[in-house]
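One structure below.
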Amino acid sequence: MDQFSTALDIASMEDDFVALLALDASSRGLFGEHQVDPSNWEKLTDYEDVLSGPHWLLAYEGSVRKWLSAPTSCVAKHPFFKVLEARRVRFYDENPIRNPFTGPAGPLPGGLVPDEYL
């Protein structure tokens, strides 16, 4: 599978987490010359009450990070989300702290699960 078909497949998904990861990757140029087309996500977030709907996360993060233009006016007018934006609240961390693997894990707390529960 090449980068172009991967970018097309990803752009057709309507999952906010997939969209945010793809928009971030695209903004960093990780898709090469075949960047992700955000028009599908623009359509998902282009309505007045988007911040009260199932794609509020995509609308908010897409707007404050300048990845999407459709929801920008909704965020600016919304009494709750405009405060979050002014205080630079983010739900998507584009630079997470990674804890390196340091060795094998220890036993789970509480011990083994008794056979009667299996």
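Read-outs: derived from the displayed coordinates by stated rules, not from any lab. This one's a predicted model, so the numbers in the text were calculated from it and none came from an experiment. Please note: Cβ atoms are built from the backbone with ideal geometry, for glycine as well, and neighbour counts cover all protein chains shown.
Numbers at a glance
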| read-out | value |
| --- | --- |
| For peptides 72-78, 47-53, sequence by mean Cβ density within 10 Å, most packed first | 72-78, 47-53 |
| For the chain, alpha-carbon Rg relative to the globular expectation (2.2 N^0.38 Å, N residues) | 1.43 |
| Neighbour-count ranking [beta-carbon atoms within 10 angstrom, fewest first] of Glu85, Glu61 | Glu85, Glu61 |
| Protection-proxy order for peptides 37-45, 13-21, 89-97, each taking the mean of Cβ atoms within 10 Å per residue, highest first | 37-45, 13-21, 89-97 |
